[in-house]
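> Handing you a structure now.
FYI, it's all coordinate maths here, none of it is from the lab. Here the structure is a predicted model, which is why all the values come from computation and not from measurement. Counting neighbours? That spans all protein chains shown, and the Cβs are built from the backbone with ideal geometry, glycine included.
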Amino acid sequence: MGSSVVGAEATALISRIHEETSWSLGRRVRHAFVSVVARAYPRVIGAAREPSWLFFDLVFPILGMCSIVFLLRSRGVDEAWIASTILATALLSFWISVVWMMGAQFHWERDSGNLLLYITAPVGLGAIALGMAIGGALGVVIRAVIITVAGVLLFGAKYQVADPFLLALVILAGVAAMYSLGVCLSSVFLISGREADHLGSLLNEPMQLLGGVYAPVRSMGTVGVVALGILPLAPAIDALRQVAVPQLAQTGILPVGVELVILLVMTIVFGVIGRMLLAHIERVGRAGGKLLARAD
Amino acid sequence: MPISAGSAPEVRPFGPLRGGAADAARSLVASARLAWAIEGNWAQPVYLAAFLIVRPLAFLGLFLAVLSIGGSLDVATIGFVVVGQAVFQIVSAALEGPTHALLDDRERYRTIRYIFATPSSLLPVSIGRSLVKASIAGFSALIVIGAGVLLGVPMRAGGPDLVLLVLVLPLGLLSVVGLGIVLGGICVQLRNDAWSYPEAVSSTVFLLCGAIFPLEVLPGPVQGISAALPITWWIEGLRRALLGTTSPGILGAMPTNELLLILAAGTAVIWLISPRLFVAGINRAREKGQLDRNTAS
């Protein structure tokens, strides 16, 4: 039997427990910030330490880009579409990161045993997800730049950016909306079993088609227009095409300003929904004892 | 059973290729059944079917949407892309299948040590797994071709050329599976990114084999590499059997009997080399301690 704590000692202990567990808003914010930075760190620094990851992150998109460019050249289309394809491939590298490094990440962490560490650490899954998003986006920027430069060198694409600030804003809004959706996807993947890999595959080519990544979303008819309102890829690439390749501005579905607003709304809505979904799945998973159960 | 004096026990050499043809056949059937259990039961049949339908159709839609940028599409162009895209579903599955099977067993299910310890040979086990993946992809290929028919692609008058189909289909499949097992023997020796190499090879082959665009679009020296790939001629052979027409350019200039000869010669060379490379790869992986390694990749 251990010795019991009574009197003033007990009061001091209770007050210390209160102090350490009832954090002020400022402390909670600081703690969340540190958690976000800690989770973002390996995404940026760790990824740079493994050159083979960079190699494969570049090889797959560039091969896909080459296929589309050769397909376009076989039809003798305007070279502006080649420039658009290169931009689309660079944007897709963010989407692929969203699907596999945001959406599927908690699923993989669970199967490899790391989710146990996240759950037992004094950090919310929301802060971890935000850290993954910020770190992931920063890590992909360098890949997107390399893909664009490679595309320009290989195929001689030309861009005319009249407003670099608007271009940066479109990219930022598109990336933010995509990673916000990634937080929602991470909850879906977390409750997935062996179908998670297949789910990831379904979020690639079908979404590229619906998002009008390589061909204008107009060619998808009503479905494409609906995609503009729910799939960040669609307004992001449409706006990017209008801003960076003026020859294709007439193919835009909506004005760039409207698409920026859509992306901003998506960022907020998906972020809130994702946060709620993660909290719900964590709560239900803990109660049911299935949160840490391996898929296979 | 006790070994009596004078009756020598059967000697079964230890390694990835051992036993007789009957043993190999048993291993192949068992691994095919296992592969079906793995590949076919991850979801309810309706979801599985939806997955097998949605992704290849999305791929096809993506290419057709890109092609439509250049103006209205003629049915011959759609037919070229439809058959190329459909057949490449199988190519991709058969190329990546052996590596994924070996890595799944090594890293995910951690059973490769047990397979290696049984009288089964890894070679027929890998082939069996690959063939099932290719068969499932074959279902997706049929869906893509069906979609092409709905889009108005004119198929060969009087139905497919069955003689050509019967000759081309197994030859091409064998050549792709042969390349797949070579890839498996190489990738199982790797520690990092072993999962990524088959996909990289598959994506490169997709670019080179004229699946969705004529070879003439590729830079000159690359066209030579494309022409050396049996997969290029497999896809062209299947186009001729299904559509009854030849493709434009270099592919269409080759007479069908010469195409068959090239495909047969390529397949023979691949199967002359691939089992040896596979066995050497597995043995080397075993010596390096990579056969039972979990890279957490």
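> Which of the trypsin sites (Lys or Arg not before Pro) found in segment A:104-184 are in a DSSP loop and have at most 16 neighbouring Cβ atoms, other than their own, within 10 Å?
Passing both the DSSP loop test and the Cβ count: A:Lys158.
> In which sequence would A:Ile268, A:Ile96 go, from the one with the fewest C-beta neighbours within 10 Å to the one with the most?
A:Ile268, A:Ile96
> Just counting partner chain Cβ atoms within 10 Å, what average do the residues of peptide A:48-55 show around their Cβ?
Numbers: counts 0, 0, 2, 1, 5, 4, 0, 3.
Going residue by residue through A:48-55 and averaging, the value is 2.
> I need the helices of chain A that pass two filters: whole DSSP H segments spanning 27 Å or more by Cα along the axis, and mean Kyte-Doolittle score no lower than 1.0.
Counting only whole DSSP H runs, the qualifying helices are A:51-74, A:79-97, A:125-155, A:164-190, A:256-288.
> Kindly put B:Ile186, B:Ile112 in sequence by how many other C-beta atoms sit within 10 Å of each C-beta, fewest to most. Please report the intermediate quantities before stating the final value.
Details: B:Ile186 20, B:Ile112 23.
Fewest-to-most ranking of B:Ile186, B:Ile112: B:Ile186, B:Ile112.
> Let me ask another. Computed FRET efficiency, Cβ-Cβ of A:Val272 and B:Asn294, R0 51 Å: what is it to the nearest 0.05?
0.85
> Give the long-range amide H neighbours of B:Ser247: residues separated by 5 or more places, or on another chain, with amide H under 5 Å away, using H modelled in the peptide plane at 1.01 Å from N.
Residues meeting the criterion, in which the H sits 1.01 Å from N, are B:Gly252.
> For A:Lys290, which aspartates and glutamates qualify as cross-link partners when the Cα separation must be under 16 Å and same-chain residues fewer than eight apart are set aside?
Cα-Cα hits under 16 Å: A:Glu109, A:Asp111, A:Glu282.
> Rank these for me by crowding, A:Met266, A:Met276, going from fewest to most other beta carbons within 10 Å. It would help to have the intermediate numbers written out before the result.
On the way: A:Met266 23, A:Met276 13.
Least crowded to most crowded, the residues run A:Met276, A:Met266.
> Something else about it: Tabulate in residue order the Karplus-calculated ³J(HN,Hα) for segment B:278-288, using 6.51 cos²θ - 1.76 cosθ + 1.60 with θ = phi - 60°, rounded to whole Hz; enter x for Gly and Pro.
These are the phi-based 3J(HN,Hα) values: 4, 4, 4, x, 5, 4, 5, 4, 5, 5, 7 Hz.
> Report the gain in length on full extension from B:Trp271 to B:Arg156: 0.36 nm times residue separation, minus Cα-Cα distance, nm rounded to one decimal.
So the chain would gain 38.2 nm between B:Trp271 and B:Arg156.
> Then there is this: Quick check: the angle from helix B:196-208's long axis to the longest principal axis of chain B, C-alpha only, nearest 10 degrees?
30 degrees
> Now, a different point. Based on alpha-carbon centroids, what's the gap between segment A:23-81 and segment B:23-38 in Å, whole number please?
39 Å
> Treating the angle as unsigned and between 0 and 90°, give the value, to the nearest 10°, between the Cα long axis of helix B:122-150 and the longest Cα principal axis of chain B.
With both axes taken from Cα atoms, the answer is about 20 degrees.
> Let me ask you something else. Using only the alpha-carbon atoms, how far is helix B:75-103 inclined from the longest principal axis of chain B? Give it as 0 to 90 degrees, nearest 10.
Result, in degrees: 10.
> I'd like the mean, over residues of A:69-79, of how many other protein chain beta carbons sit within 10 Å of each residue's own Cβ.
Taking the mean over all residues of the peptide, I get 6.
> Now for a separate question. Could you pull out the longest piece of chain B with no exposed loop chymotrypsin sites (Phe, Trp or Tyr not before Pro) in it, calling a site exposed if DSSP puts it outside H, G, I, E, B and it has at most 16 other Cβ atoms within 10 Å?
Looking at chain B, B:110-297 is the longest stretch - no exposed chymotrypsin sites (Phe, Trp or Tyr not before Pro) with at most 16 other Cβ atoms within 10 Å.
> Right, another one. Which trypsin sites (Lys or Arg not before Pro) does segment A:235-296 hold that lie in a coil by DSSP with at most 13 other beta carbons within 10 Å? List each step's numbers first, then the result.
Values: sites: A:Arg241, A:Arg275, A:Arg283, A:Arg286, A:Lys290, A:Arg294; in loops: A:Lys290, A:Arg294.
Answer in residue order: A:Lys290, A:Arg294.
> Right, next: Karplus couplings for segment B:59-73 from phi (6.51 cos²θ - 1.76 cosθ + 1.60, θ = phi - 60°), rounded to Hz, Gly and Pro as x?
4, 4, x, 4, 5, 5, 5, 5, 4, 5, 4, x, x, 5, 8
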